[in-house]
Amino acid sequence: MATRTIRVDMIARVEGEGALDLHIREGKVTRAELRIFEPPRLFEALLRGRDFREAPDITARICGICPVAYQMSAVHAMEQAMGVEVGGPIRDLRRLLYCGEWIESHALHIVMLHAPDFLGFPDAIAMARQHGDAVRGGLLLKKAGNGLMRLLGGREIHPINVKVGGFYRVPDRAEFASVEEELKRARHFAVQLLRWVAGFTFPAFERDYEFVALRHASAYPFNEGRIVSNRGIDIAAADYAIVFEERHVAHSTALQAVIKGRGSYLVGPLARYNLNFDRLPPDIQALAREAGLGPVCRNPFQSIVVRAVEVIYACDEALRLIAAYEPPAAPAIAVEPRAAIGHACTEAPRGILYHRYEITADGSIREARIVPPTSQNQKSIEEDLRVVATRDIALPDEELRDRCEQAIRNYDPCISCSAHFLKLGVHRR
Amino acid sequence: MTAIADGIRVIGIGNGDRGDDGIGPLIAERLRASAPSDVSVLIRRGDALALIDDWRGADSAILVDAAAPMTAPGVIHRIDLIADVVPSELSLASTHAFGISQAVGLAYTLGLLPRHLILYAVEGASFAPGAAVTPEVAGAAGPAARRILDEIESLRRIEVEVEADA
């Protein structure tokens, strides 16, 4: 009996620690598993008993790449619980902060993590020898995103300036000057980046996904909107648990989310784009078409192109918001606690991030539930792997493994962030 | 003041809320108080790729970071990231995709390295969330800062010699 086992013990160029197991028996893929073996960090449990105002700072620590998403879902859920609606300049500043995170996160993924797959390089350093301009541009974009996050969030990693009701401090108009200049330069490069990635060769691969994303009445979604899908889901965030459920699987410390009665679904840039193409400004729609995208894209390998479209959008939206900015009368509105349940869903770079909190009358968190995008995409990733591996089964093991890793990186999975310190192994004579 | 005077940058890397991971910023704070006023001191929390921007424009940069336990807590290692062969093991033990060695490799490829790039790494003992730097590792802050001040002087002398030769 011919049995092949392809195993990647540590998937490279993803955020977090995961592994891939592919089992092939007699020419058929029998198992394709994305193993997430990072120990659970129990954030939901440690939120219990904490004050509702602490949630944005605690949940920001879940991820160093997308802390803004955690902060935004937390503050919106808390405000919904307390019956408060934040609008005007504070709403705009939140959108602006999210633009910074999208630019920073997408630029990192496109140039440093994903592009080497398409160009046949082992990593971005090797790629930089032949594509130095693209890598320099990626760094410039990342810097522009970081600049926005530093200005509005206080620092680029785990921002500390977001609070329930608004911000601790808001900038005045003059403080945007250097960020604005940087964003203009970054926007110019973002268009070049889109044209660069549009020229890659993409495997012919499409699946009939159920795409799930937010949809807002007028804007491409960041913080607000209903949860919709291409198969009829159209719900408020408060109804998330009616439609979706999380399941334990033996091979992963992350829960896998599914649509009840249907199964896997896909969140992230591809879903956002497909469900909100009409919310993109006409000039960006035109750039997307020029890059070979229609209003709907079902090829996950082209998610790199969609990310590049979203980078341009985030640059433009940031510049629009900065141009229109008038500081609010106060950096935040007062939010008083009450016994309530709050829900929110916002669009992290990798897809929808759902938070639910049950709050007691004194403002303590009784229960917390957090569903990150990667746990929602996990099942879809495994299904992609099964199809990719079946289709490319004739490839030698190493090439098949590379192709599978590329398929995982289509999702920019953010498995987690953890402590930072150097692993130093120097042998001195 | 020489031409190099504003060309030396010290970058302390680490998270002050993760035990001995905070040793880099702790040393950087000391140097902020004791280094010549024309030496710029930055504190960063660990975005290794952003280091390329942090050292841009500097003639010399000195990175100060925590190292994983290897021999004994508080032992100070010095690595010349340009002259020495950078050990492949020199990477962030975190799950982020990029560490210092990748940032150096990328900057080298793109021609964005400073002329001198020195790493001082202090071996840690505990990286517990919410904890302060342990006393035995904090005890290395003074000696490390003194060595870095000597390094700064040495870098100034090199630059003066280079200018004289030119």
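Derivation of every value follows stated rules applied to the coordinates shown; laboratory data play no part. Not measured: the values here are computed from a predicted model. We place every Cβ from the backbone using ideal geometry, glycine too, and count neighbours over all the protein chains shown.
Peptides A:142-151, A:66-75, A:190-199, ordered by how many other C-beta atoms sit within 10 Å of their residues on average, highest first, read A:66-75, A:142-151, A:190-199.
Over all residues in A:107-113, what is the mean tally of Cβ atoms on other chains that come within 10 Å of each residue's Cβ? Walk me through the numbers before you get to the answer.
Details: counts 0, 5, 1, 0, 0, 5, 2.
Mean shielding count: 2.
For the peptides B:14-26, A:115-127, the ranking by mean Cβ contacts within 10 Å, running from highest to lowest, is B:14-26, A:115-127.
Looking at the range A:50-149, which GluC sites (Glu not before Pro) are in a loop (DSSP not H, G, I, E or B) and have at most 14 other Cβ atoms within 10 Å? Write out the running numbers ahead of the final one.
Numbers: sites: A:54, A:79, A:85, A:101, A:104; in loops: A:85.
The qualifying sites are A:85.
Taking chain A as a Gaussian network of alpha-carbon nodes connected by springs under 10 Å, the highest mean-square fluctuation of the residues A:42, A:287, A:385 belongs to A:42.
Once you average over the residues of A:382-394, how many Cβ atoms of partner chains fall within 10 Å of each Cβ? Intermediate values should be presented prior to the final figure.
On the way: counts 0, 0, 0, 0, 0, 0, 0, 0, 0, 0, 0, 0, 0.
Taking the mean over all residues of the peptide, I get 0.
Taking only the C-alpha atoms of the range B:3-165, the Rg (one decimal) and the largest Cα-Cα distance, Dmax (whole number), read 15.1, 51 Å. Using the Cβ of residue A:48 as centre and a radius below 12 Å, the other residues enclosed give a net charge of -2, where K and R count +1 and D and E count -1. For the residue pairs A:163/A:379; A:260/A:379; A:143/A:184; A:163/A:184, the alpha carbons lie more than 24 Å apart in A:163/A:379; A:163/A:184. Using only alpha carbons, chain A has a radius of gyration to Kirkwood radius ratio (Rg to Rh) of 0.96. Put simply, when B:65-72, A:387-394, B:113-120, A:270-277 are sorted by average Cβ atoms within 10 angstrom per residue, most first, you get A:270-277, B:113-120, B:65-72, A:387-394. The tail of the calculated P(r) for the range B:29-86, taken as Cα-Cα distances beyond 13 Å, holds 72 percent of the pairs.
Write down Rg/Rh for the range A:182-309, rounded to two decimals, with Rg from the C-alpha atoms and Rh from the Kirkwood relation over Cα pairs.
Working: Rg = 16.4 Å, Rh = 16.2 Å.
Taking Rh as the inverse mean 1/r over Cα pairs, Rg/Rh reads 1.01.
For the range A:129-226, what mean projected area does the convex hull of the alpha carbons give, in nm²?
Details: hull surface 40.4 nm².
Its Cα hull, projected and averaged over all orientations, spans 10.1 nm².
Could you work out the mean count of beta carbons from other protein chains within 10 Å of each residue's beta carbon in B:37-50?
Numbers: counts 0, 0, 0, 0, 0, 0, 0, 3, 6, 6, 10, 1, 8, 7.
Averaged over the peptide's residues, the number is 3.
Each label point was placed 7 Å from the Cα along the Cα-to-Cβ direction; for residue A:283 and residue B:78 their separation is 5.4 nm.
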